[in-house]
Structures are given as C-alpha cells and as structure tokens.
Amino acid sequence: MSLPLTATKIKAACAKLPGWKVKGNALTKTFTFATFREALAFMVCSGFEAEEMNHHPEWTNVYNRVAVRLSTHDAGGRITAKDVKLARRLQAVSWVG
C-alpha cells in the first residue's frame, strides 16, 4: 500500500514540475499540443511509461489537449510518490513543457 505524501512534500514536488498543480487530492496538468496527432503520440508514449510503472493516469483528450490527473487508488485516492514519479516521466516525454 502506498502512503500519501504530506502537503509540504507535494508542494516541493510541484515546484520542480512545470505546470503541475494540486486539485483536490490529485496532481493535474493539461498539455497543449499543436495537433491532435501530437496529443495522441504523447498519450501513446506516456502510456508506455505508465504501464512500465504499473501506475495508470486518469486522462482525457480533446483535439490537441491532454488533461492528466494523478492520484493513487490504494492510498485512498491521494497523492503519493508514485504520482510524482509518473508526473516526472510524463514531463520527460513531453515536448511542449
């Protein structure tokens, strides 16, 4: 079982993750790409990262935007180190910041 992070640790993590915010009990970010094709490519690349971690995001795609919401189900839907790690990996595969 994953343990939720403290508010201080979450704030410190967000400071190092451009554009990521805390909404409710989740880390969130909307990535905006030039086209639908780019957004879809990001989702495919991100999906491989998430699957490797066995930690899957809640996300939606509308045309060129991908909205991501990260929380950990086995921690009561709260933010854990797994969410921060996946956010870092999504940042690493994103070419839009």
- With axes computed from alpha carbons, what is the tilt in degrees of helix 36-53 against the longest principal axis of the chain, rounded to the nearest 10 within 0 to 90? 30
- Query: What are the aspartates and glutamates whose alpha-carbon lies under 13 Å from the alpha-carbon of K29, with same-chain residues fewer than 8 places away excluded?
  - Reply: E58, D83
- Message: Cut-off is 10 Å between beta-carbons; in what order do M43, M1, M53 appear when sorted fewest neighbours first?
- Response: M1, M53, M43
- Rounded to the nearest 10, the angle in degrees between the Cα long axis of helix 81-93 and the longest principal axis of the Cα atoms of the chain comes to 20
- Item | the chain: most fluctuating residue of L17, L27, L86 per GNM, C-alpha cutoff 10 Å | L17
- First select every other residue whose beta carbon is under 14 angstrom from the beta carbon of A92; then total the charges, Lys and Arg +1, Asp and Glu -1. +3
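Values in this text are rule-based calculations from the coordinates and carry no lab data. Note that the structure is predicted; figures quoted are calculated from it, not measured. For neighbour counting, all protein chains shown are included, and Cβ atoms are generated from backbone atoms with ideal geometry for every residue, glycine included.
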